[in-house]
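Q: Dropping a structure here in structure tokens format, bear with me for questions.
The values are calculated or read from the model by the stated rules, or taken from the named source; none is laboratory data. Since the model is a prediction, treat every value here as computed from it, not as a measurement. Backbone-built Cβ (ideal geometry, glycine too); neighbour counts: all protein chains shown. Accessible surface areas use protein heavy atoms only, side chains included; no ligands, DNA or RNA. Shrake-Rupley method; radii C 1.70, N 1.55, O 1.52, S 1.80 Å.
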Amino acid sequence: MNNNYSSYDEYGNIEYLERWLTPTLREAINEHQILVLTGARQVGKSTLLRNATPFSEWRFHTMDDFDVLQQAQSGPEALWAGTDRIVLDEVQKAPHLLPAIKQAVDENPGRYRFVLSGSANLLLMSPVSESLAGRAVYFILAPLTIGERHKRLQPSILADLLTGHWPDEDSDAAPSLDPVPILLQGLMPALLPLPSSQSWIRWWDGYITTYLERDLR
């Protein structure tokens, strides 16, 4: 299982932390038929889509599943047969899906809602000939913020300042944090349950090696 959760609850179960981008994604999918969510590996894209409503209630397919990938190659329409709300994860592994999705949207205006997620920027991939221009909206999920890590509401400081409202000095004060773990972890969700700096460094070694030896190549 993709370990993009960030901590454990009082019963020892892995806990999902709400991402500040989620309300924006909900608003966007109400207005557009295709939403593309990208971001670096292990920042929590799949976890968000499996846990945040309404996406958690939609049909979910991942191209990590060999059978699903085969179906995407031979008959992609079967992946959304019988439903009109679909999440397709790791879609960079099946760029040939995009023309089929475009056709489904064009032939059924307003009917389908697709969320496509993956760790590659689809617009920069050489095999991708279909950009979904005019049909899709694009978002990038970053690693956790300190506020998300501590289950805080998304701040509205900038919007308040632009309207002339200055926050009180002691209102919504930031938690006192040790900067060393933050620097070593980089607030990657998969690192937060790990117990020591040695385990964080080992994780980063594998992460960097994967990017250099496979993804970038």
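Q: Could you list, ordered by first residue, the pairs with Cβ atoms under 7 Å in which the first is in segment 47-71 and under 25 Å from ALA142 (Cβ atoms) and the second is of a type in the set (Lys, Arg) and open to solvent by less than 60 Å² (accessible area, probe 1.4 Å), at least 6 apart or interchain?
A: What qualifies is LEU48/ARG19.
Q: Also, quick follow-up: Considering segment 81-115 alone, what residues qualify as being more than 19 Å from ALA28 (Cα to Cα) and of a type in the set (Ser, Thr, Tyr)?
A: THR83, the sole residue that qualifies.
Q: Sticking with this one: Of the residues GLY75, GLY44, GLY12, only one is at pLDDT 90 or above and on the phi > 0 side of the Ramachandran plot; which? Give the derivation first.
A: Values: GLY75 fails: on the phi > 0 side of the Ramachandran plot; GLY12 fails: at pLDDT 90 or above.
Checking each option against the conditions leaves just GLY44.
Q: What number of residues in segment 60-83 are open to solvent by less than 50 Å² (accessible area, probe 1.4 Å) and either part of a helix (DSSP H, G or I) or out of contact with any Lys or Arg (no Cβ under 8 Å at 6 or more places or on another chain) (or both)?
A: 9
Q: Shifting gears a bit: Taking segment 84-100 on its own, how many of its residues are of a type in the set (A, V, I, L, M) and modelled with pLDDT of 95 or more?
A: Quick first cut of segment 84-100, residues of a type in the set (A, V, I, L, M) only: 86-88, 91, 94, 97-98, 100.
Next, only the ones that are modelled with pLDDT of 95 or more stay: 86-88.
So the count comes out to 3.
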